[in-house]
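Single-structure report; data block below.
The values are calculated or read from the model by the stated rules, or taken from the named source; none is laboratory data. Only a predicted model underlies this, so the values are computations on that prediction, with no experimental measurement involved. Neighbour counts run over all protein chains shown; Cβ positions are idealised from the backbone, glycine included. When the accessible area is computed, the model is the full protein with side chains, heavy atoms only, and any ligands, DNA or RNA have been set aside. Shrake-Rupley method; radii C 1.70, N 1.55, O 1.52, S 1.80 Å.
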Amino acid sequence: IVGVVMHKVAEMLATPVARIRLLLDGEILNADRSAVALAGSEVELIVIPPSPRAVTGCEDGTLKFWDLEELSCIGSLEGHRGSVWSVDADIAGRLALSGSADTSLMLWDLERLECLRSFEGHSGAVCAV
């Protein structure tokens, strides 16, 4: 089933499967070592909770909030000045946290599709949240 999800997500995002890392409750689902090794630099990150929603972090500095049943983007969140290297989400709480190459963390409201707070001051890129 992981392979099917990977290909559906790759199709939806128009990105190669090797650039996707699937997470469920903090566990990496796909065991593709090349994808895991790229995490934090070139990988589109997607968090899949036990719901039909997902959040992706993108190289263009945006986060996207997805409806996986409709295969549609619910909204695009802008604010980072560099690639988003790390994402986590609490879909039930309608919150997401992202880390970026621009050295910032951002807390997002997924209902209003806006940044609640930006955390600046890291000395380097934020590779994990």
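Here are a few things to note about the model shown:
- Selected residue (criterion: nearest to the chain's Cα centre (by Cα)) from residues of segment 106-117 that are open to solvent by 30 Å² or more (accessible area, probe 1.4 Å) and under 16 Å from residue 88 (Cβ atoms): 107
- Residues (outside any strand (DSSP E or B) and under 23 Å from residue 66 (Cβ atoms)) located in segment 106-127: 110, 111, 112, 113, 126, 127
- Leading residue by the ranking (least open to solvent (accessible area, probe 1.4 Å)) among those in segment 118-129 that are aliphatic (A, V, I, L, M) and in contact (Cβ under 8 Å) with a residue 60 or more places away in the chain: 125
- Residue list for segment 89-105, filter: outside any loop (DSSP other than H, G, I, E, B), open to solvent by 20 Å² or more (accessible area, probe 1.4 Å) and modelled with pLDDT of 85 or more: 95, 97, 105
- Restricting attention to segment 59-88 and to residues that are outside any strand (DSSP E or B) and at pLDDT below 85, the residue that is least open to solvent (accessible area, probe 1.4 Å) turns out to be 68.
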